[in-house]
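What follows is one structure encoded as structure tokens, with my remarks underneath.
The values are calculated or read from the model by the stated rules, or taken from the named source; none is laboratory data. This structure is a prediction, so every number in the text was calculated from the model and none was measured. Note that we place each Cβ from the backbone using ideal geometry, even for glycine, and neighbour counts take in every protein chain shown. Ligands, DNA and RNA are excluded from the accessible area calculation, which covers all protein heavy atoms including side chains. Shrake-Rupley method; radii C 1.70, N 1.55, O 1.52, S 1.80 Å.
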Amino acid sequence: VAAVMGLRGLPYRWGGDVMVGLDPAASEFYRRGKYRLDCEGLSLTADQLIARYRRWAVKYPLSTLEDGLAQDDWDGWSRLTAELGPRLTLVGDDLFATNAARLKRGIERQVANAVLIKPNQVGTLTETVATMRLARQHGYRLAVSHRSGETTDPFIVDLAVAGQADYLKAGAFARGERVAKWNRLLAIAAELEA
């Protein structure tokens, strides 16, 4: 795998420096209480899907799982968190929707251990910061993220740094709106080192 990823000869270790993160967006294939994997002709319960994730976590250097179950499968998320929460960063994106009320429900149900933060998902910076504070107060990791249809405005980088986020999800160095965010992060790093 390292050779395929272009890591041959570089000082990166698969499973150490290079890890795998998955974002199955499970709400997209959740129908009437089952997870439909049409490409495999399968219809799985939450427990069966959790078992699949557990096998993958053993076989591969999996570190993060975002939206591993559907956004309203609270019971499944509780089991997923109990099973894999000590081992993986379980990120709620659709689950929490940068919404403090949904995050509060997740905290009460001991669901996930990280929250994806998207300011334009919830609507206001005030609501965004309230969700970030609530997450921090309860030991959840923060991942500030871009969204589809982004512009070159790099504000989320400043928000991530100011909010002491654990992660920044800004995409690959492929398009202007993504590169702008990485450039802003480099500029902030240079300012802090000066």
- prompt: How do the pairs read when you match residues in segment 69-81 that are aromatic (Phe, Trp, Tyr) with residues anywhere that are crowded, with 18+ Cβ neighbours inside 10 Å and part of a loop (DSSP other than H, G, I, E, B), using Cβ under 7 Å and keeping only pairs 6 or more apart or on different chains?
  reply: 74/111; 77/69; 77/95; 77/111; 77/112
message: Scan segment 34-50 and tell me whether some residue there is among the charged types (D, E, K, R), loosely packed, with under 15 Cβ neighbours inside 10 Å and under 27 Å from residue 147 (Cα atoms).
response: yes
Given (1) assigned to a loop (DSSP other than H, G, I, E, B); (2) polar (S, T, N, Q); (3) at negative phi, index of the condition residue 110 fails: (3)
message: When you check residue 65 against the structure, is it in contact with a Gly (Cβ under 9 Å, 6 or more places away or on another chain), open to solvent by less than 10 Å² (accessible area, probe 1.4 Å), of a type outside the set (S, T, N, Q) and touching a residue at least 40 places away in the same chain (Cβ under 8 Å), yes or no?
response: yes
- prompt: What do you reckon, is residue 156 touching a His at 6+ places or on another chain (Cβ under 7 Å), open to solvent by less than 30 Å² (accessible area, probe 1.4 Å) and free of Cβ contacts under 8 Å to residues at least 40 places away in the same chain?
  reply: yes
query: Looking only at segment 78-99, which residues are crowded, with 22+ Cβ neighbours inside 10 Å and over 16 Å from residue 29 (Cβ atoms)?
result: 81, 88, 90, 91, 92, 96, 98
task: Return the total of residues in segment 14-33 being part of a strand (DSSP E or B) and surrounded by 12 or more Cβ atoms within 10 Å (Cβ to Cβ).
output: 6
